[in-house]
1. Which ones in region 130-143 are in contact with an Asp or Glu (Cβ under 8 Å, 6 or more places away or on another chain) and either assigned to a helix (DSSP H, G or I) or over 16 Å from TYR343 (Cβ atoms) (or both)?
2. So which residues in region 168-190 are out of contact with any Pro (no Cβ under 7 Å at 6 or more places or on another chain), open to solvent by less than 10 Å² (accessible area, probe 1.4 Å) and over 14 Å from GLN60 (Cβ atoms)?
3. Can you say whether GLY313 is at negative phi and touching a Gly at 6+ places or on another chain (Cβ under 7 Å), as far as the supplied structure shows?
4. If I filter region 115-138 for residues that are in contact with a strand residue (DSSP E or B) (Cβ under 8 Å, 6 or more places away or on another chain) and either closer than 30 Å to LEU356 by Cβ or polar (S, T, N, Q) (or both), do I get at least one hit?
5. Taking the residues in region 151-180 that are under 16 Å from the mean Cα position of the chain (by Cα) and in a loop (DSSP other than H, G, I, E, B) as candidates, determine which candidate is farthest from VAL84 (Cα to Cα).
6. Could you please tell me which pairs satisfy a Cβ distance under 6 Å, a separation of 6+ or placement on different chains, a first residue in region 123-140 that is farther than 13 Å from SER243 by Cα, and a second residue that is assigned to a helix (DSSP H, G or I) and open to solvent by 70 Å² or more (accessible area, probe 1.4 Å)?
7. For region 100-115, how many residues meet the condition of being among the hydrophobic types (A, V, I, L, M, F, W, C) and farther than 22 Å from ALA330 by Cβ?
8. Can you find a residue in region 128-146 that is crowded, with 20+ Cβ neighbours inside 10 Å and of a type in the set (Lys, Arg)?
Amino acid sequence: MIRVSHAASLCHTGDVWGRSKIRRRLRGSVTALACLFVAASANAQDETGFQSYLTTLRAQAIAQGVRPATADSAMATLTFNPRVVELDRQQPGAAPGGPISMFAPYRARHVDAARIGRGRTTYAANRARLARVETETGVPESIMVAIWGHETNYGSYTGDFDLLRSLASLAYEGRRRQLFSGEFIAALKMLDRGVPRDQLKGSWAGATGNPQFLPSIYLRLARDGDGDGRADIWSSSADTLASIGNYFVAAGWRPGQPWGVAVSVPAGYDRSDQANRLVSPRCPRVFERHSGWRTMAEWRALGLTPQGGRWPGDNIMATLLEPDGPGNTAYLLTSNYRVILDYNCSNFYALSVGLLADAIER
């Protein structure tokens, strides 16, 4: 029998020695079998550990109010999913001092003609419910549509990973156990609220529905927008838009303020004293290239000019971001931009949502 440790080394190196083709083939066959043996052994160990961990998760869920019958039914057929663990480990890290890519290519991919066109169609088809949600929340119709467009391309793809299996597997892996165990328990609470088991599908990381809410966000902020008594963010446009609007209200959206405005910065502008002292606890680099805050009147006095649209009110506070460096389009960003960042802590994402919203509204 080939020892697991030796088989693993063969699997990693791919070395097959021998002086003849026959010996190489024999050794290659043995190596292939050894690799299968290693993989099977590892999977068996993961599955055994995973099933044991489910017992712990069950106890935690019941302690937090999940009905035992719900937990037992949901966990009865769960198996470990190594694919979601692999995807989680592949997530890029924000290395301090690492290079920051240019925004222009990202914008070209995410604020393209097809997405703008579908956004305008979605906007037109939902005007009545959008107007109602905007009246209730103060969140612009176009912003709600742009979020929907960015998250799932207006519902065309919401993900097909089983949420409970994904979240339980990620919690078992342990790198972010507190996050994923909490979301797993929140997903069980969704079942207790009457959400059908077959609707608990989404991204590998647990986001679900048209707005890609994590289960805990669904429990806290999903809303019934069509009056049928359910918050159906999977198949109801009204519920999707009402839920996105409610998220933005909870995150601090200020009615009547734009998210930002594209501007040109004069050639002689002095950037030496524009450091921003804000630090985001979730993603420390997000404000790294933002300036300090000034009123729109102060920015105008410094020679900045809008590239189109209306100049916001003089007293509105804004910070300057030049995503592609001096000489390229810059943006003055209000506190509402920070609300978009709360949805997804990425400057490129937030800028693209704002720009898509503006394009949809034109």
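1. LEU130, ALA131, VAL133, GLU134, GLU141, SER142
2. Within region 168-190, SER169, LEU170 meet the criteria.
3. no
4. For region 115-138, residues in contact with a strand residue (DSSP E or B) (Cβ under 8 Å, 6 or more places away or on another chain) and either closer than 30 Å to LEU356 by Cβ or polar (S, T, N, Q) (or both): absent.
5. By that ranking, first place goes to TYR154.
6. none
7. Residues meeting the conditions: 2.
8. For region 128-146, residues crowded, with 20+ Cβ neighbours inside 10 Å and of a type in the set (Lys, Arg): present.
The values are calculated or read from the model by the stated rules, or taken from the named source; none is laboratory data. For clarity, every value in this text was computed on a predicted model and none was experimentally measured. Note that each Cβ is placed from the backbone with ideal geometry, even for glycine, and that neighbours are counted across all protein chains shown. Surface accessibility is based on the protein's heavy atoms, side chains included, excluding ligands, DNA and RNA. Shrake-Rupley method; radii C 1.70, N 1.55, O 1.52, S 1.80 Å.
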